[in-house]
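Engineer: I'd like to ask you about the structure that follows.
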Amino acid sequence: MDIAAMNERVTFQANSITVDKYGNHKTEWVDYFSCYATISGENGQEQAVVGETVENTDMNVTVRYCTETAAVTSTRYRIVFKDALYDILGVDHLNFKKHAIKFKCRKERR
């Protein structure tokens, strides 16, 4: 693992449920953890979806292994990178050696 290549700051956000003063339950994203990462495999593709051209940007995010990153799953978390939101499609623990974790991500459409 090349530590010098981990030069981009990413923030992991967790999906949580909060309750307001009236007792209403609301889902919102809260910052969970921030660290440096290696961004690789970034490619952009255009797709025609129902008569509209949509950009699909995929990338891989590799971070060092720690207890915070080991708890990240693809269903409850997302990644913020340079003010863009990325859905986590898959988590690769890289042979469970506990050195690094790779996340396969896709840019979220707004």
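Engineer: Is the stretch 52-72 home to any residue that is closer than 11 Å to residue 105 by Cβ and not in a strand (DSSP E or B)?
Structural biologist: Looking through the stretch 52-72, none of the residues is closer than 11 Å to residue 105 by Cβ and not in a strand (DSSP E or B).
Engineer: Could you count how many residues in the stretch 1-27 are closer than 24 Å to residue 59 by Cα and either surrounded by 12 or more Cβ atoms within 10 Å (Cβ to Cβ) or not hydrophobic (A, V, I, L, M, F, W, C) (or both)?
Structural biologist: 13
Engineer: Looking at 27, 75, 57, which one is at pLDDT 90 or above, of a type in the set (Val, Ile, Thr) and within 13 Å of the chain's Cα centre (by Cα)?
Structural biologist: Sole residue among the options that is at pLDDT 90 or above, of a type in the set (Val, Ile, Thr) and within 13 Å of the chain's Cα centre (by Cα): 75.
The values are calculated or read from the model by the stated rules, or taken from the named source; none is laboratory data. This is a predicted model, so every value here is computed, not measured. For neighbour counting, all protein chains shown are included, and Cβ atoms are generated from backbone atoms with ideal geometry for every residue, glycine included.
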